[in-house]
Amino acid sequence: ELKVEQNPLFLSMQEGKNYTIYCNYSTTSDRLYWYRQDPGKSLESLFVLLSNGAVKQEGRLMASLDTKARLSTLHITAAVHDLSATYFCAVGITLTGANSKLTFGKGITLSVRP
Amino acid sequence: EADIYQTPRYLVIGTGKKITLECSQTMGHDKMYWYQQDPGMELHLIHYSYGVNSTEKGDLSSESTVSRIRTEHFPLTLESARPSHTSQYLCASSEKMTGPTPQFFGPGTRLTVL
């Protein structure tokens, strides 16, 4: 059974500083996704990582994937208040043919303080 | 505009009532999903569908049922609501392609059963 672990589960960040959060998974995967969720809202897709060594950047966020270590990292550069949210990673596996599923981690809640 | 819609957004209902949560997408996606998410917790897949007349149960046991009579519509029904069903329900959709594909999420329905 695929397990997805995120850490830390909660991170209090100081404005302007850099941080990294992690997503580990237990079995070989096709793809890894990062989503953002604001309180009481739905999930917004941030990144899709397709292969070993993949790196994607959007603004102050940069996501990378190491399929050999079964690890994805999300790096935050110079944290700002707008980044306060819960960040989920989800790991995709192919079942049969075109059938696939995502397994989500518990999410990491980021809070940026002045 | 291509999007995924859920209604109602909020629902407060008494125990024993039958309810249907609606989900529609105009993205032309074949695959659709229902997730249950308690506040501050991870998402659990409760139902999914790969196309018309295809429905499967997800990882988390649920007393709800779903149907997929039209590609764009994937309603979820609870025959007799209980307080334990109080949660947020998120609908998602994705393309039918080989391998896992990104899922796009609706705004969610926050259900409270008294």
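The values are calculated or read from the model by the stated rules, or taken from the named source; none is laboratory data. Keep in mind that what you see is a predicted model, and the values were worked out from it rather than measured. FYI the Cβ positions are ideal-geometry reconstructions off the backbone, even for glycines, and counts take in every protein chain you see. Side chains are part of the model used for accessible areas, which takes the heavy atoms of the whole protein and leaves out ligands, DNA and RNA. Shrake-Rupley method; radii C 1.70, N 1.55, O 1.52, S 1.80 Å.
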Open item on the list: Net charge within 10 Å of B:His47 by Cβ-Cβ distance, Lys/Arg positive one each and Asp/Glu negative one each, not counting B:His47 itself?
Closed with: +1
Task: Net charge dipole size for region A:4-113 [Lys, Arg +1 and Asp, Glu -1 on Cβ; Debye, nearest 20] - done: 120
TODO: Rank these by accessible area, largest first, 1.4 Å probe: A:Tyr25, B:Tyr5, B:Tyr10.
DONE: B:Tyr10, B:Tyr5, A:Tyr25
TODO: For the A and B pair, go ahead and give the buried accessible area with a 1.4 Å probe, both sides summed, in Å² to 100.
DONE: 1900
TODO: Mind putting together the pair-distance distribution for chain A? All Cα pairs, 5 Å bins, whole percent per bin, short to long.
DONE: 2, 12, 23, 25, 19, 11, 5, 2, 1, 0
TODO: Bin width 5 Å, alpha-carbon pairs only: give the P(r) of chain B as whole percents, running from 0 to the bin holding the largest distance.
DONE: 2, 13, 24, 27, 19, 10, 4, 1, 0
TODO: Averaging over all projection directions, find the projected area of the Cα convex hull of the protein assembly as shown and quote it in nm² with one decimal place.
DONE: 12.6
TODO: Taking all protein chains together and a probe of 1.4 Å, list B:His44, A:His81 from the most accessible to the least accessible.
DONE: A:His81, B:His44
TODO: Round to a whole angstrom and tell me the spacing of the C-alpha centers of region A:1-55 and region B:52-84.
DONE: 28
- [ ] Could you calculate the FRET efficiency of A:Asn7 with B:Ser67 from 1/(1 + (r/R0)^6), where r is the beta carbon distance between them and R0 is 35 Å, rounded to 0.05?
- [x] 0.35
TODO: Using the Cα centre as the reference, give the magnitude of the dipole from point charges on the C-beta atoms of the protein assembly as shown (Lys, Arg: +1; Asp, Glu: -1; all else neutral), rounded to the nearest 20 debye.
DONE: 220
TODO: Apply the Karplus parameterisation 6.51 cos²θ - 1.76 cosθ + 1.60, with θ equal to phi minus 60°, to every residue of region B:36-48 and state each ³J(HN,Hα) to the nearest whole Hz, in sequence, with x for glycine and proline.
DONE: 10, 9, 7, x, x, 10, 6, 8, 10, 6, 10, 8, 8
TODO: State to the nearest 20 debye the size of the charge dipole of chain B about its Cα centre, where the only charges are +1 on K and R beta carbons and -1 on D and E beta carbons.
DONE: 320
TODO: Let me have the relative contact order for chain B, percent, based on Cα pairs under 8 Å that are six or more residues apart.
DONE: 36
Task: Förster radius 30 Å - calculated FRET efficiency between A:His75 and B:Thr77 (Cβ-Cβ, nearest 0.05) - done: 0.10
